[in-house]
Structure formats: structure tokens, C-alpha cells
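So the structure is just underneath, and the comments pick up after that.
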Amino acid sequence: MMHQYDEPVYLISVVAKILDIHPQTLRQYERENLIIPARSNGRIRMYSQRDIDKIRLILRLTRELGVNLAGVDIILRLKDNVDDMEDTIGELRNEVSRLKNVGSVSPNKALVTKKSIYEMIIFEK
């Protein structure tokens, strides 16, 4: 059975095993507000695939690039801002494209067509 990307289905022990880290590391990331797992009715942490991917990014930043957790927090916030801006730009592009097409008629359906870009001017003497 396939789960949705944002569906919280993994227990902390499973995530720790998948990522080969100690569960206490996941708790630390939560204390630092780097990751916010969902909670079950019994207050058990539940992680989604999106959470796991975000933790992988955190691990890459800290292990491979030597970024401390404060730096990771800044990077994640900037990444979220860039993602939001990219979404906004996409929406604006779609809106501009839609507005360009409003009221315009395709050339093959136009009543008056342009035959040439040159105009002829005749002067009488």
C-alpha cells in the first residue's frame, strides 16, 4: 500500500533505523524546531516521507557540509522562502499568460488579417 508524501506513517524508531541515526537526534531536531512531526492521539511522533527527506537534508548539511543547527535553521527558512517565491512567480506567469489571451483572437479566426508589415504611401504631385 502506497502512502501520500505528507501522510505521517513512520514511528520515530523506524525513521531512526531508516536514516541510521539515534532517536535522540530526531528529538533534538524537534526541540530546535527543524522538524515538526505529527502526533497520534497517544502523543506518539509520526513522520511522513516529507519529514524523512527534510531530515536527510539536515543530515547532509550537518555531516557533509559542517553546518551547525543554527545555520541549518537559516538555510531551511531561506529554502522555504525561495520555494514560496517560485510558486508565486509561477502563478504570476500563468496569470500574465491568461491575461494576454483574454480578448485576443487567434490570427486564423481574425476578420482583418495583416498581410505585410510594410505600409505603402503614395504621394500625389
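Read the figures in this text as sums done on the coordinates, not as results from a lab. Since the model is a prediction, treat every value here as computed from it, not as a measurement. Don't worry about glycine lacking a Cβ; one is built from the backbone with ideal geometry, like all the others, and counts go over all protein chains shown.
Counting only C-alpha contacts under 8 Å and six or more residues apart, can you give the relative contact order of segment 10-101 as a whole percent?
Values: 47 pairs, mean separation 19.3, N = 92.
Relative contact order for segment 10-101 comes out at 21 percent.
Candidate cross-link partners of Lys54 among the aspartates and glutamates, defined by an alpha-carbon separation under 18 Å and a same-chain spacing of 8 or more, comprise Asp6, Glu7, Asp20, Glu30, Glu32, Glu64, Asp73, Asp80, Asp83, Asp84.
Other residues within the sphere of radius under 11 Å centred on the Cβ of Leu61, judged by their own Cβ, net out at +3 (K and R +1, D and E -1). On the beta carbon distance between Lys17 and Asp84, with R0 = 25 Å, the FRET formula returns roughly 0.15. Determine, at each q value in 0.19 (inverse angstroms), the log₁₀ of I(q)/I(0) that the Debye formula gives when each Cα of segment 28-80 is one equal point scatterer. Relative scattering, expressed as log10 I(q)/I(0), comes to -0.65.
Database remark: amide H of Ile35 closer than 5 angstrom to the amide H of Glu30 (H placed geometrically; neighbours at sequence offset of 5 or more, or on other chains; Pro and chain starts carry no H).
Counting 0.36 nm for each residue step from Arg27 to Arg63 and taking away their Cα separation leaves a gain of 11.2 nm. With both labels modelled 7 Å from their Cα along Cα-to-Cβ, the Arg39 to Glu7 distance reads 2.4 nm.
So for each of 24-36, 84-96 I average, over its residues, the number of other beta carbons within 10 Å; can you give me the resulting order with the highest mean first?
Values: 24-36: 15.0, 84-96: 10.0.
Packing order, densest peptide first, comes out as 24-36, 84-96.
With +1 on each Lys and Arg Cβ and -1 on each Asp and Glu Cβ, and nothing else charged, work out how big the dipole of segment 10-101 is about its Cα centre, in Debye to the nearest 20.
Working: 16 positive and 14 negative charges, 70 e Å.
I would put it at about 340 debye.
Give, to the nearest whole percent, the P(r) tail of segment 10-101 beyond 22 angstrom, counting all Cα pairs. Within segment 10-101, distances greater than 22 Å cover 41 percent of Cα pairs. Please list, in chain and number order, the residues 5+ apart from Tyr47 or on another chain whose amide H is under 5 Å from its amide H, with Hs placed from the backbone. Amide H neighbours of Tyr47, under 5 Å, 5+ apart: Val9, Tyr10, Leu11.
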